[in-house]
Amino acid sequence: MNIRDIIIRPINASEERCFHELMQSHHYLGALPKIGNTILYVATWEDKWVSLLSFSAAALKNAARDLWIGWDFRHQFDRLNLVANNSRFLILPNFHNKNLASRVLSLCQKRIQEDWVERFGYPLLLLETFVDPTRFQGTIYKASNWKFVGFTKGYKRVSGGYSNTPTSPKMVFVQPLQRDSRSQLSRSLLLERYQTGKPRMKLTANQMRALPDFFKDIPDPRRAQGRRHRIEVVLAISAAAILCGMRGYNAISDWAQSLKTKALRRFCCRRRNGRYIIPSESIIRDVLVRVDPEQLDKALQKWNAIYGAIDESLAIDGKTMCNAIDDDGRQAHIMSVIGHKSAQCYTQKKLEHCP
């Protein structure tokens, strides 16, 4: 076999079943379902399948990768979609030729940027993969100039979170797809071409636990009768959802409903019959509509002063609230100060009517 004649391409929908059957039969980990944005590749020689690869969404937690990139926790959650994980790599039986694996990987790296943009609408900056050192030494990736950046902590992702005890730590390799990938991923403000939606962040466990305390002194505008959730709990969940990129009551409610047990405990949700109860959309809407906006703003500013990122620059943004009409029939105008780095609103001011 002349490895220069190898061709690599994404498989089409009609070939997916064959791809997964071969992966299940010959890869030691078996077939893998699609994880987020995924592209499946096949390498062919004279129309014969010789190798299979899959690139999927990046790992949510990878301390070795994160340390190498140098991004902070806030940036990590917003930019993970610029990283793809080489989740499977298989050389099919009877085709274990010298240098074939590194040739296939090299060809894949050359075209994945174009394929990713065509399929998902934005480019990648980094590839990552995990290697089990009890089985392999990562020779293929080393030969292809991937960078070894450390070991995982050995915890497996399971239903509802991660395993309580570590198993076998994996070797972590990364491959930048352009020279400045590392600096682009860690910079304060992401370039427009890499922005894939509204800025998002992810809260740490300590930030979740702290949020309710900042709202405890805000008077509850609701009647005492029938209150199922303390106001600080509803406001903490709402604020956290907005910090994580949610916009609108429905989105906030959906985010709240997706919270796991640990997160609900951190937000101090009430328990009933051994289960945590989540505020409904109607409760969230009722509290946010009726709460004192000035006191809410002060509480959020106090939280941000302690836990928010320090922004090097600010943007002034003005909006007209289409459905907010005063007694004279005039629309409300809101001026906001937004941090470039954090994408957080530092303060808002309602303006008098402008002619």
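Give Lys34, Lys48 a once-over and let me know the one that is of a type in the set (Lys, Arg), modelled with pLDDT under 95 and more than 17 Å from Ser87 (Cα to Cα).
Testing whether each residue is of a type in the set (Lys, Arg), modelled with pLDDT under 95 and more than 17 Å from Ser87 (Cα to Cα) leaves just Lys48.
Pairs only if they're at least six apart or on different chains, beta carbon under 6 angstrom, first in segment 88-110 and in contact (Cβ under 8 Å) with a residue 24 or more places away in the chain, second in a loop (DSSP other than H, G, I, E, B) and surrounded by 19 or more Cβ atoms within 10 Å (Cβ to Cβ); list them, first residue then second.
Arg103/Ile6
Among the candidates Leu60, Leu52, which residue alone is buried (at least 17 other Cβ atoms within 10 Å of the Cβ) and either free of Cβ contacts under 8 Å to residues at least 60 places away in the same chain or not in a helix (DSSP H, G or I) (or both)?
Matching residue, one of Leu60, Leu52: Leu52.
Mind telling me which of the residues Met1, Met23 ends up being surrounded by 17 or more Cβ atoms within 10 Å (Cβ to Cβ), in contact (Cβ under 8 Å) with a residue 60 or more places away in the chain, more than 23 Å from Glu118 (Cβ to Cβ) and not hydroxyl-bearing (Ser, Thr, Tyr)?
Met23
Would you be able to say whether some residue in segment 259-266 is within 27 Å of the chain's Cα centre (by Cα) and assigned to a strand (DSSP E or B)?
The answer is no; no qualifying residue exists.
Run down Ala224, Ala241, Ala210, Ala251 and say which single residue is outside the structural domain of Asn145 (by TED's automatic domain parsing), surrounded by fewer than 18 Cβ atoms within 10 Å (Cβ to Cβ) and within 24 Å of Ala57 (Cα to Cα).
Unique residue meeting the criteria: Ala251.
With (1) touching a Leu at 6+ places or on another chain (Cβ under 9 Å); (2) more than 23 Å from Val42 (Cα to Cα); (3) modelled with pLDDT under 90; (4) among the hydroxyl-bearing types (Ser, Thr, Tyr) as the list, and Tyr122 as the residue in question, which single condition is left unmet?
(2)
The values are calculated or read from the model by the stated rules, or taken from the named source; none is laboratory data. Computed from a predicted model, the values in this text were never measured in an experiment. With ideal geometry, Cβ positions are generated from the backbone for all residues, glycine too; neighbour counts draw on all protein chains shown.
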